[in-house]
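*Asks:* First the structure, then my questions, so here it is.
The values are calculated or read from the model by the stated rules, or taken from the named source; none is laboratory data. All values reported here derive from a predicted model rather than from experimental measurement. We place every Cβ from the backbone using ideal geometry, glycine too, and count neighbours over all the protein chains shown. The area values use the complete protein model at the heavy-atom level, side chains included, leaving out ligands, DNA and RNA. Shrake-Rupley method; radii C 1.70, N 1.55, O 1.52, S 1.80 Å.
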Amino acid sequence: MRSIGELARASGLTVSALRFYDSAGVLTPALVDPVTGYRWYTGDQVAPARLVAGLRRVGMPVAEIAAALRAEPAEVHRLLDAHLRRLEDGLADARRELSRIRTLIDPEERPVTTRVVLSRADLAAAVDAVRFAVGTDPDLPVLTGVLLDVDGDGVRLVATDRHRMALGRAAGRVDGPAARVLAPVAFVDEVRALLDAGAGTTPEAHLTVTDGSISVSVAGRRVDAAALPYDFPDYRRLLRAAPDDAPTHRLTVDAAALRSALTSADAPVVTRRHDGTPLAVTVLGPDGRGGARLFRADELAGEEDAVRVGVNGGYLLQALDAAGRGQLLLELDGPIAPLAVRRPDDADAFSILMPIRL
């Protein structure tokens with residue numbers, strides 16, 4: 001048995017921290033002396049205490065530390081990945097806020113420029129991953145562009161029309177502070193054509209963001225635009241709402257096969273009424289073999305507890321096209337949770353489709 005002081009020295013935690021994690025039910029002693037109240041730990045508790053110390057140093061919440069101590073290694077890695085994403089998002093937020101503060105301190109300060117050197121092919125793929133989700137409603141001009149969110153190691157592209165959201169990412173070398181700019185869709189389309197025109201001439205594309213203006217150059221040719229003057233919705237709130245909760249089902253599908261099923265003449269659809277107008281809804285769910293299948297209306301009766309999600313079939317086809325060929329992952333939690341479409345080899349590019357109530 002080890003005293004609390006011995007465990008503190010062996011683990012890197014302080015005595016007060018060990019008392020706290022005991023009271024929180026995270027790391028309880030093997031024995032508490034009923035007379036003196038002294039806490040005693042076994043040698044087997046040294047490794048968990050060291051894990052707690054490491055997770056504490058990186059700021060992981062107490063509830064997640066407790067979960068990590070009880071989880072299998074694969075689940076612990078998932079918790080670490082989710083926490084790392086939170087830290088990265090927080091750092092990007094801090095960089096943006098500090099840049100804004102510098103402007104408040106010295107309004108006459110020269111414009112801040114951020115330059116990014118990207119893979120031409122990766123940027124093209126990121127544009128393709130999000131272009132279909134750009135909004136077209138003139139009453140919502142904030143959704144009629146593509147957000148370019150530059151952080152420490154590249155740029156994330158985001159588009160949404162409220163009914164679906166798509167994200168893509170291109171890694172790159174960043175020179176300058178984090179930047180966030182809403183690019184007009186016409187500019188994005190010009191950039192996409194420029195990236196194709198540069199094929200075979202250079203592997204790189206150069207992105208420059210300076211105080212409301214944006215440009216992309218490839219092989220000496222450049223496209224410029226003024227950023228849209230709107231505050232794009234905080235897409236990270238949606239991403240942060242879920243990382244700690246794994247989806248109920250993660251289904252593997254062949255993109256071509258699912259596309260064929262959706263476009264066949266006898267593709268099953270369920271009719272629902274929206275604002276008095278009939279609406280064709282595509283309903284998906286697990287097929288019992290790790291994949292997904294489409295469901296007819298008569299198959300939904302009496303299956304209120306089954307995991308099914310209804311979406312716009314046309315939107316799903318566009319998401320499949322944006323994700324590319326081969327195997328894809330569908331993540332679903334039920335009839336009122338979004339459906340995610342992912343590529344298994346790229347965690348940074350995915351689409352989210354809003355559900356239609358069944």
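*Asks:* Taking Cα centroids, how far is segment 294-358 from segment 109-165 in Å?
*Replies:* So the two Cα centres are separated by 23 Å.
*Asks:* Choose one of L194, T114, A124: the residue whose Cα lies farthest towards the positive end of the charge dipole of the chain (beta-carbon charges +1 Lys, Arg; -1 Asp, Glu; about the Cα centre).
*Replies:* T114
*Asks:* What figure in square angstrom, to the nearest 10, would you give for the accessible area of S99 with a 1.4 Å probe?
*Replies:* Here the accessible area works out near 30 Å².
*Asks:* Return one quarter of the surface area of the convex hull spanned by the alpha-carbon atoms of segment 122-167, equal to its mean projected area, in nm².
*Replies:* The Cα convex hull of segment 122-167, projected and averaged over all directions, gives 3.1 nm².
*Asks:* Right, next: May I have the convex hull volume per residue, in Å³, for the Cα set of the chain?
*Replies:* Residue-normalised Cα hull volume stands at 210 Å³.
*Asks:* Within the chain, what is the longest stretch that has no GluC sites (Glu not before Pro) placed in a DSSP loop and near at most 13 other beta-carbon atoms within 10 Å?
*Replies:* That would be 110-302.
*Asks:* Can I ask one more? Kirkwood Rh over alpha-carbon pairs of segment 32-149, then Stokes-Einstein at 20 °C and 1.002 mPa s: what D in µm² s⁻¹, rounded to an integer?
*Replies:* 108
*Asks:* Given only helices, namely DSSP H runs of n ≥ 4 each adding -39500 (n - 2.57), what is the per-residue ellipticity at 222 nm of the chain, to the nearest 500 deg cm²/dmol?
*Replies:* It comes out at -10500 deg cm²/dmol, rounded to the nearest 500.
*Asks:* Assuming 1.306 mPa s and 10 °C, estimate D for segment 134-289 with Stokes-Einstein, Rh taken as the Kirkwood radius over Cα pairs, in µm²/s.
*Replies:* Result for D is 84 µm²/s.
*Asks:* Another question, if that's okay. In the chain, with Lys and Arg counted as +1 and Asp and Glu as -1 at Cβ, which of these residues, L104, A349, H163, has the Cα nearest the positive end of the dipole, that is, farthest along it?
*Replies:* Among L104, A349, H163, the one farthest towards the positive end of the dipole of the chain is L104.
*Asks:* If packing is taken as the average count of other Cβ atoms within 10 Å, what order do 153-160, 321-328 fall into, highest mean first?
*Replies:* Peptide ranking by packing, descending: 153-160, 321-328.
*Asks:* May I pose another question? Applying a 10 Å radius around every beta-carbon, put 66-72, 196-202, 181-187 in order of their mean neighbour count, most first.
*Replies:* Descending packing order for the listed peptides: 181-187, 66-72, 196-202.
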